[in-house]
1. Which of the following residues is in contact with a helix residue (DSSP H, G or I) (Cβ under 9 Å, 6 or more places away or on another chain), of a type outside the set (A, V, I, L, M) and in contact (Cβ under 8 Å) with a residue 24 or more places away in the chain: PRO46, PRO73?
2. Just for the range 57-92: of the residues that are of a type in the set (Ser, Thr, Tyr) and farther than 30 Å from ASP41 by Cβ, which one is least open to solvent (accessible area, probe 1.4 Å)?
Amino acid sequence: EFGVKQAENWNKDQALVQGLKAAVDTFCRPNAQTVDSSVRDKTVKPKVKLSSVKQAEGNHPAVLMCSAYEFYPKKIKVSWLRDGKLMTSEVTSTMEMADGD
């Protein structure tokens, strides 16, 4: 309720409104472009963990599992190679699991 009254008072003050609009063009937009570029152009290589996992059921006594963590940007491509050749069969993958980071 207090915030609503503050907003109503500020919106009635046309000098304040015009000053804030001018600040958007002189301060906010130029700084936002600079900050956006400094963040957007950064990348962080994934930390990768490779492990052998025994299946409870199945034809194989164990499977290899590859997990990738703490990477940026969000999209990465993980592929399995056997003798330098891309594996397209006998490979299962999952979607990214959210971890809040």
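The values are calculated or read from the model by the stated rules, or taken from the named source; none is laboratory data. This one's a predicted model, so the numbers in the text were calculated from it and none came from an experiment. Note that each Cβ is placed from the backbone with ideal geometry, even for glycine, and that neighbours are counted across all protein chains shown. When the accessible area is computed, the model is the full protein with side chains, heavy atoms only, and any ligands, DNA or RNA have been set aside. Shrake-Rupley method; radii C 1.70, N 1.55, O 1.52, S 1.80 Å.
1. The conditions single out PRO73.
2. SER89
Residues are listed down the side, and each one gets a yes or a no for (1) loosely packed, with under 10 Cβ neighbours inside 10 Å; (2) at pLDDT 85 or above; (3) more than 31 Å from the chain's Cα centre (by Cα):
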| residue | (1), (2), (3) |
| --- | --- |
| VAL4 | yes, yes, yes |
| ALA7 | no, yes, yes |
| ASN11 | no, yes, yes |
| VAL17 | no, yes, yes |
| ALA23 | no, yes, no |
| LYS42 | yes, no, no |
| PRO46 | no, yes, no |
